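Beneath this line is the structure, given in structure tokens, with notes to follow.
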Amino acid sequence: MNSRTDSRKFKTMNRRELLKLTPVVALGAFAIPQLQKPLLKGGLSFSDWTSARLFRSGHLAPTFADSDLTPFEKFPINGYDVDDPEVDFDKWTLTVSGSVQKPGDYTLAQIQALPKVTQNTRHVCVEGWDVIGRFGGMRLSDFLKSIGADPTARFVSVECADDYYESIDIATAMHPQSLLCYEMYGQPLTREHGAPLRLSIPTKIGYKQAKYLTDLKVSHVLEKVGYWEDQGYSEFYGL
Amino acid sequence: MATRAMAIEDVKTGEVTQAVYEHPFVVRLCHWVNAVSLFVMVGSGFQIFRAFPSFGAKIPQKDLLDWPKALALGGWLGGALQWHLTFMWIYIATGLVYIGYQIFSGNYKQVLFVRHDLPGVLPMVRHYFFFGPKPLTKEAYNPLQKHAYTSAIGLGVLSVLTGLAIWKPVQFSWLAWMMGGFHLARLWHFLIMWAMLAFVFGHLVMVVLHGWNNFVSMLTGWKKGP
């Protein structure tokens, strides 16, 4: 196909073709300070929304052989504040509240009476490193059943002895690999790793797996999401 | 897919030049949107990398390189993740529109590197890098160009797949497994970015060498001149 035109018409046509690319300029909205924050927040929320839909209750995180374990002394101790919030083990209880039939203070012995699960799973940090550890505890789902948690509730939130706080969606809480963990590498949790009780959730990023738990609440509405989430990190961050 | 050609008569001098419609609108749109999102993905990717600039163990941590903060986007890890997790959708959507368009329009025949392009690669390499004679090509793109563009699309697909394996190593555990697990997938993601940057560098050198009319054709579609 060969046609003929004059330079004036050609210029007009080229200008029209160039103008068709204006949608690209819309991306410049990300450079405007007032728009940047809400746009990025929207992008992160969309990612979280997608993450929640990608989560499958029956899909298990990979588990590993004992030979794949990261040596205990090379399992990083990550805290946002102090490594040891000096929990008084003799007085420690887990305070349960919210949409549950049996609220109250639970001792470690009461918690440990539930069936124990041990699993070698990968712990992934948002910074980019990962380790494989051996975690022992009871299923969070077993505990939620034992306290008569409302099956229609949407969130489980926790508070910690170091004032850290976190929350997870109920689907993840009911996942068979989500643990209320009191053992690592076959030994009682050390203080640095969150004694006496922490979360171990191989389907979530590291900062969701709070240590030194003191309070657990089952709810329909979240009052606060989590410490790092409040700084701008992903709210769902499922792996 | 017929290439549209046009003879343009200058209104003042009466001189006639040829112009060829080289880049369909969808290709141009995807090209520029992708240029922006690739820039954001690489910039924020470097900021994310700065949080743990290693591919080894956390303890003891051996840093690979200290990437300058000035060449990173997002300011801090959380900020960079917001950029990365926002623009990845734009990056993926652009890729899907582009690939879909190329397939359904048949335009892919112009850029897809196929077996019969293979013998033409070495002569082009000789021409580009060792001052060899310019091989004759009847097609819009020479074999080396086809190779570069096809590879770039391949790298784009791999960057998304390795990224998914890092973002969702449990839900896409099969993807992570294919890449040797989460730990290695992170390394592949990083290496693929460097391969992509190498393409972008070569691409920009070629743009400069081929001059203004060639550059304008990615804006208007039309390439003027011989």
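Taking region A:206-239 as the search range and keeping residues that are among the polar types (S, T, N, Q) and in contact (Cβ under 8 Å) with a residue 40 or more places away in the chain, which one is nearest to residue A:154 (Cα to Cα)? It comes out as A:219. Scan region B:31-42 and report the pairs whose first residue is at the interface with chain A (Cβ under 10 Å from one of its Cβ atoms) and among the β-branched types (Val, Ile, Thr) and whose second residue is surrounded by fewer than 21 Cβ atoms within 10 Å (Cβ to Cβ) and assigned to a helix (DSSP H, G or I), with Cβ atoms within less than 6 Å and a gap of 6+ or a chain change. So the pair list comes out as B:33/A:24; B:36/A:27. Evaluated against (1) hydrophobic (A, V, I, L, M, F, W, C); (2) surrounded by 14 or more Cβ atoms within 10 Å (Cβ to Cβ); (3) within 11 Å of chain B (Cβ to nearest Cβ); (4) assigned to a loop (DSSP other than H, G, I, E, B), residue A:114 falls short on exactly one condition, (3).
Just one of the numbered conditions (1) part of a helix (DSSP H, G or I); (2) within 8 Å of another protein chain (Cβ to nearest Cβ); (3) within 30 Å of the chain's Cα centre (by Cα) is not true of residue A:24: (3). Is region A:204-216 home to any residue that is surrounded by fewer than 23 Cβ atoms within 10 Å (Cβ to Cβ) and over 10 Å from the mean Cα position of the chain (by Cα)? Checked against the condition, which is being surrounded by fewer than 23 Cβ atoms within 10 Å (Cβ to Cβ) and over 10 Å from the mean Cα position of the chain (by Cα), region A:204-216 yields at least one hit. The condition of being over 18 Å from the mean Cα position of the chain (by Cα) and modelled with pLDDT of 90 or more holds for only one of B:191, B:209, B:219, B:187, that being B:187. Restricting A:60, A:18, A:44, A:40 to those that are assigned to a helix (DSSP H, G or I), touching a residue at least 40 places away in the same chain (Cβ under 8 Å) and not small (Gly, Ala, Ser) reduces the list to A:44.
Going through region A:123-143 one residue at a time, which ones are more than 29 Å from residue B:54 (Cβ to Cβ) and more than 18 Å from the chain's Cα centre (by Cα)? Matches in region A:123-143: A:136, A:137, A:138, A:142, A:143.
Mind listing just one residue for me: the one in region A:46-100 that is within 12 Å of another protein chain (Cβ to nearest Cβ) and more than 22 Å from the chain's Cα centre (by Cα) and, of those, farthest from residue B:172 (Cα to Cα)?
Going through the qualifying residues, I end up with A:73.
Taken together, the criteria place residue A:103 among residues that are away from every other protein chain (no Cβ under 13 Å) and over 26 Å from residue A:202 (Cα atoms). Checking each residue in region A:121-161 for being hydroxyl-bearing (Ser, Thr, Tyr) and within 14 Å of chain B (Cβ to nearest Cβ) picks out only A:121.
Looking at region A:137-175, which of the residues that are part of a loop (DSSP other than H, G, I, E, B) and in contact with a strand residue (DSSP E or B) (Cβ under 6 Å, 6 or more places away or on another chain) is surrounded by the fewest Cβ atoms within 10 Å (Cβ to Cβ)? Ranking the qualifying residues of region A:137-175, first place goes to A:148.
Quick one: in region A:217-239, of everything that is in a loop (DSSP other than H, G, I, E, B) and within 13 Å of chain B (Cβ to nearest Cβ), which residue is surrounded by the most Cβ atoms within 10 Å (Cβ to Cβ)? Result: A:239. Looking only at residues in region A:63-80 that are assigned to a loop (DSSP other than H, G, I, E, B) and hydrophobic (A, V, I, L, M, F, W, C), the one that is surrounded by the most Cβ atoms within 10 Å (Cβ to Cβ) is A:75. Taking the options A:167, A:141, name whichever one is modelled with pLDDT of 95 or more and more than 19 Å from residue A:112 (Cα to Cα). Of the residues listed, the single one that is modelled with pLDDT of 95 or more and more than 19 Å from residue A:112 (Cα to Cα) is A:167. Exactly one residue among B:74, B:95, B:78 is within 24 Å of residue A:43 (Cα to Cα) and without any contact (Cβ under 8 Å) to a residue 12 or more places away in the chain, and that residue is B:78. The residue that is nearest to the chain's Cα centre (by Cα), among those in region A:7-19 that are facing chain B (nearest Cβ under 7 Å) and surrounded by 14 or more Cβ atoms within 10 Å (Cβ to Cβ), is A:18. Somewhere in region B:175-197, is a residue surrounded by 13 or more Cβ atoms within 10 Å (Cβ to Cβ), within 14 Å of chain A (Cβ to nearest Cβ) and touching a His at 6+ places or on another chain (Cβ under 8 Å)? No, there is no match, as no residue in region B:175-197 is surrounded by 13 or more Cβ atoms within 10 Å (Cβ to Cβ), within 14 Å of chain A (Cβ to nearest Cβ) and touching a His at 6+ places or on another chain (Cβ under 8 Å).
For first residues located in region B:138-164 and in contact (Cβ under 8 Å) with a residue 12 or more places away in the chain, partners that are assigned to a loop (DSSP other than H, G, I, E, B) and lie 6+ apart or on another chain with Cβ distances below 6 Å form the pairs B:146/B:113; B:147/B:113; B:150/B:112; B:150/B:113. Across region A:122-136, not a single residue is classified as part of a helix (DSSP H, G or I) and either surrounded by fewer than 18 Cβ atoms within 10 Å (Cβ to Cβ) or without any contact (Cβ under 8 Å) to a residue 12 or more places away in the chain (or both).
The values are calculated or read from the model by the stated rules, or taken from the named source; none is laboratory data. Not measured: the values here are computed from a predicted model. Cβ coordinates were reconstructed from backbone atoms using ideal geometry, including for glycine residues, and neighbour counts include every protein chain displayed.
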